[in-house]
Every structure is written in C-alpha cells, then in structure tokens.
Amino acid sequence: MAALLEFPLTALKIRNPAVAPAYNTRPGHEATNGMRRSTGMSGAQWKMKFDVLVHDEESVRNMRAFLFQMEADSTLVRIRMPDRYGIDGPFALATQSVRDQYPDGIPFATDAMYATGVGHAVPTVETYFSTDADLGAREIHVTATDEIPAGCAISIDEFCYGIGGSWIEHGQQRLRLSPVLRKPAAAGGTISLAPVFVGFCLTDSPGYEALVQGWYGEHTLEFVEDLTRLVESVD
C-alpha cells in the first residue's frame with residue numbers, strides 16, 4: 001500500500017475551499033430541434049482546491065516542508081475535508097464545540113496528557129453498513145438512527161461520496177450516493193461522517209506563487225481523487 005502524506009491542517013491556514021465530484025460524462029447528442037441528451041457517465045473523481053495563507057516564518061517553513069515532501073504529483077496526499085457544513089470534520093460547525101472543548105486532545109481519566117503534552121484524538125462521527133452492498137450500488141442502508149442529511153459528504157475506505165438523498169423507513173436509514181459505490185461492502189463496515197480525501201496534486205509548479213516582499217501571501221493547491229487504489233494487489 002502506498003504511503004500517504006497527511007496535509008497539516010493544524011499548522012497551515014486553509015482559505016476558500018472548493019470540494020466537489022467531477023463527473024466524466026460522455027459527449028451528448030443534439031437533435032436538429034436543439035434538444036440534447038447525454039449518452040451517459042463513465043465515472044467520477046472528487047476534486048479539491050483551496051488557498052493556503054502563509055504569513056510568518058513558521059507558516060512559510062511548514063508550507064515549504066509539505067511541498068518538499070509532496071514533490072509535485074509524485075506522492076498521494078490525505079486531506080480531512082475542509083467543509084464547514086459537513087456532518088463532522090476539522091472544520092464542521094456541527095461538532096466544533098467538541099473540538100473546542102479538547103483543543104489539545106482528550107486527557108486520561110486522571111486529567112494527565114501524554115509526555116508530548118497532547119491527549120487522545122477527539123473521535124470522529126461514524127456510522128456502519130446495516131446490510132451488504134454490491135459494487136456499483138446507488139443506495140446503501142446504514143445503522144444510524146438520526147437522519148444523515150442529504151447534501152453532505154462521507155467517505156468509505158477513504159473514497160469520497162456525496163449524499164444525494166436520505167430516507168428513514170421502518171427504522172431503517174437509506175442513503176443515495178453519488179458516485180455509485182466503488183467497492184463492495186459488508187454489513188458492519190465503517191462509513192466516516194468526517195470524510196477523508198486522498199488524491200494527488202494537479203497544480204502546476206505548486207508553491208511557486210510570489211510572496212509579497214518575500215513576507216506573506218497565498219499558495220493555491222488543487223487535488224484530484226486517486227482511483228488507482230481501487231486496484232487490488234495481486235502479489
């Protein structure tokens with residue numbers, strides 16, 4: 001399995017995030033009366049784009065260190081989705097109070113921290129498959145009893161999905177996914193409501209933006225989801 005580089009969300013300030021799936025639709029046919037119909041979709045990859053504000057020695061060096069490790073598009077990057085309106089995650093307004101309560105992590109029962117001065121990671125919100133789901137499934141059933149709202153993103157095995165619809169019927173919750181399920185899943189499998197994006201950098205010459213008088217500025221980074229991880233090793 002490829003080693004993944006974690007984007008340092010706590011060390012660098014993300015601004016102006018854009019996250020959405022890019023649908024690979026085939027060219028449509030247009031009739032002589034102007035009516036048009038798409039001939040279908042071959043797949044979808046999520047894309048993510050944001051600016052990174054650097055404003056002092058520490059942030060500039062942190063940014064450079066990340067870029068030195070990423071080495072353009074040669075390394076896969078894991079990014080916890082910067083979504084204020086998500087169900088959970090490092091930016092989510094819905095769970096911000098919990099993160100604010102434990103800014104340095106959750107201490108032991110004795111209120112002690114680790115020797116490094118940090119505690120246990122604040123757990124993220126999850127749900128689970130309540131039934132098996134096939135490859136290419138458009139709808140899945142989950143164990144959550146509170147309705148998971150449409151319009152939010154989730155991740156399964158660190159592949160991103162959007163929730164196009166959500167229904168609770170007879171105590172069973174059903175979610176409509178976009179794109180369809182990339183891998184089969186068994187009942188009990190984990191679904192992260194604090195989605196994780198894994199992809200590679202699309203930006204041409206990342207980090208090359210000029211800093212104002214050499215002091216401060218913004219770097220723009222764009223990533224596309226890596227789907228080669230769907231190919232299983234046959235060694």
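Of all aspartates and glutamates in the structure, the ones whose alpha carbon falls short of 19 Å from that of K183, not counting any fewer than 8 places away in one chain, are E126, D132, D134, E139, D157, E158, E225, D226, E232.
Dividing the helix sum by the residues of the chain, where each DSSP H run of 4 or more adds -39500 (n - 2.57), gives a mean residue ellipticity at 222 nm of -2500 deg cm²/dmol.
Beta bridges per DSSP, both residues in the chain: antiparallel share near 95 percent.
When the GluC sites (Glu not before Pro) in region 112-181 are filtered for DSSP coil states and for at most 14 other beta-carbon atoms within 10 Å of their beta-carbon, the remaining sites are E147. Taking all protein chains together and a 1.4 Å probe, the residues E225, E71, E218 rank E71, E218, E225 from largest to smallest accessible area. Using only side-chain charges placed at the Cβ, +1 for Lys and Arg and -1 for Asp and Glu, the dipole size of the chain relative to its Cα centre rounds to 700 debye. The stretch between Y23 and T116, if pulled fully straight at 0.36 nm per residue, gains 29.1 nm over its current Cα-Cα span.
Ordered from largest to smallest accessible area (heavy atoms of protein chains, 1.4 Å probe), the residues D88, D134, D83 come out as D134, D83, D88. Note on exposure: T131, T228 ranked by accessible area (1.4 Å probe, complete protein assembly) read T228, T131, with the most exposed listed first.
Rolling a 1.4 Å probe over the protein heavy atoms of the chain, with every protein chain left in place, gives an accessible area that is 52 percent carbon and sulfur. Computed from the C-alpha gyration tensor, the three semi-axes of the ellipsoid equivalent to the chain are 32, 27, 17 Å, from longest to shortest.
By the rule of a C-alpha distance below 26 Å, with chain neighbours fewer than 8 residues away ignored, the lysines paired with K13 are K47, K49.
The values are calculated or read from the model by the stated rules, or taken from the named source; none is laboratory data. Model, not experiment: these values are computed from the prediction. Note: ideal-geometry Cβ built from the backbone for every residue, glycine included; neighbour counts use all protein chains shown. To get the accessible areas, we keep the full protein, side chains included, count just its heavy atoms, and leave off ligands, DNA and RNA. Shrake-Rupley method; radii C 1.70, N 1.55, O 1.52, S 1.80 Å.
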